[in-house]
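Chemist: Sharing a structure here in structure tokens format.
What follows is calculated from the coordinates using simple rules that are stated; it is not laboratory data. Note that the structure is a prediction, hence the values are computed from the model and not measured. Ideal geometry is used to build each Cβ from the backbone, glycine not excepted, and the neighbour counts take in all protein chains shown.
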Amino acid sequence: MRWFSGGTRGRTAIAAGAVGLALWAAPAAAQTPTSALGLGVPVSPIDARAAALGGTGIGFETGSVSARNPADIGLYGQPVLGITYAPEGVTVKGDDGEADTGRSRVAVLRGAIPFDEWAAGVAFASELDQDWQVSFADTLFIEEGTFPFTEQRSQDGGVSSVNFTLARRLGPLSLGAEYAVITGRLQQTYRRDFEPDVDDPERVLGSTSGITDWEYGGRRVRFGAAARLTNRIHVGADMSLQSALTAERDTIGGEGLTRKFDMPTAFEFGASARVSDRLLLTGAGGWAGWSGAEGGSDDFVASNVVWAGVGAELTGIRLLGVSMPLRFGVRRTDLPFHPRGRDQLSESAVTMGLGVRVAEEQARVDVALEIGSRGDLAGSGVEEGFQRLSITLALFQN
């Protein structure tokens, strides 16, 4: 890492840089967002309808523009293109108070074209979110003096996937396979600005700063099935197998580094039941074996993940003269990365949303709101509250 110093006392500047490097490697837990742990926070590649229905996105009767089950595109009756944008507000809670931040992402962009009994599609999906920024003030006490300072640390980037899917419809059954290229980039930045020595204003330290870039690469295959058991009950399931994720560090003025993280095998399943013409119930869950993804780190632990969600959709409701299905749900998921010696983090949320068809029924707009929390300050050392808005525009959706 490259350190810039312009102070009049070189030995003091070097000492300050060394302290800064140590702090960068192990930031204080109370000031650390969950996206700073390990490889970050996994992002569910789901559309707004699925987000409003308890984060499900699998086992729907007409498929989904979420990027979970590759067999879903075999249920499309016409070409489909959908994009989901998901801004999020986050409140990071610590022993010294709270700090507000936020992030936004394209959660999933999916398109598919059916032909005969086949369908082919491509999707871009967010996988891991590593965005965060923190600013704070403190004081450095060293032999040469006492120096108050302000510090800013940030990470910008994450891991995404490009997915190529092929599905075949066999009567009430759809089978799908998917090949994904995992890719991503992360930039870490650090800057510390010192005030003059408390006892001697003529004694000053120069600022220290640094930039580190990481490049990610990997592969994944996924297999899925979706079936219509009756006219009112639909089910779906998928399994993912993933290669190790390679992370290559390019540090300005320093040596490179390559690390490998064993990525999880994952299983997901879901079902929906149309209880009446106006009520749809849906539920989904899954397991992912994240425990091998520590990558030799001494700072964090990776643990397996279990998630589940349920939701209900009410149709036939008109608002302002327009038919809008109303959706509600709840969900809970473990998070894979947590500080060593602390409890595993979990995320829970209540969900809600609605949808409307536009452009002479050829397009659909869905909106979802999730309100929830991550972690627990007493048990896991990290705690956040969040509100996420998901907006999906789907063209020619069934």
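Chemist: For SER154 and LEU314, what is the calculated FRET efficiency with R₀ set at 41 Å and r taken between the beta-carbons, to the nearest 0.05?
Modeler: The value I calculate is 0.45.
Chemist: If you rank GLU151, GLU144, GLU202 by fewest surrounding Cβ atoms within 10 Å, what's the result?
Modeler: GLU202, GLU144, GLU151
Chemist: Quick one: angle between helix 10-25 and the longest Cα principal axis of the chain, in degrees between 0 and 90, rounded to 10, please.
Modeler: So the inclination is approximately 20 degrees.
Chemist: In what order do ARG110, ARG318, ARG342, ARG49 fall by count of nearby beta-carbon atoms within 10 Å, going from fewest to most?
Modeler: Fewest to most other Cβ atoms nearby, the residues stand as ARG318, ARG342, ARG110, ARG49.
Chemist: Taking Cα extents along the principal axes in Å straight from the coordinates, which label in (i) 80, 43, 38; (ii) 60, 53, 37; (iii) 79, 46, 35 is the correct one?
Modeler: Label of the calculated value: (i).
Chemist: Could you tell me how far the Cα centroid of the stretch 274-290 sits from the Cα centroid of the stretch 160-199, in Å?
Modeler: When both Cα centres are located, 25 Å separates them.
Chemist: Between ARG228 and VAL358, what FRET efficiency follows from the Cβ-Cβ distance if R0 is 22 Å, with the result rounded to 0.05?
Modeler: 0.20
Chemist: Give me a comma-separated list of calculated 3J(HN,Hα) values for the stretch 384-396, in order, Karplus coefficients 6.51, -1.76, 1.60 applied at θ = phi - 60°, integers in Hz, x for any Gly or Pro.
Modeler: Those phi angles translate into 9, x, 8, 9, 10, 9, 10, 10, 10, 10, 10, 9, 6 Hz.
Chemist: How much length is gained if the chain between ILE211 and ASP343 is pulled fully straight, taking 0.36 nm per residue apart and subtracting their Cα-Cα distance, in nm to one decimal?
Modeler: 44.4 nm
Chemist: Right, here's the next one. Hey, what number do you get for the chain at 222 nm if only DSSP H runs of n ≥ 4 count, each worth -39500 (n - 2.57), divided across all residues, to the nearest 500?
Modeler: Numbers: 2 runs with 21 residues, N = 398.
It lands at -1500 deg cm²/dmol.
Chemist: Compare the peptides 274-282, 381-389 by average per-residue count of other Cβ atoms within 10 angstrom and give them in order, highest first.
Modeler: Numbers: 274-282: 15.0, 381-389: 20.1.
Descending packing order for the listed peptides: 381-389, 274-282.
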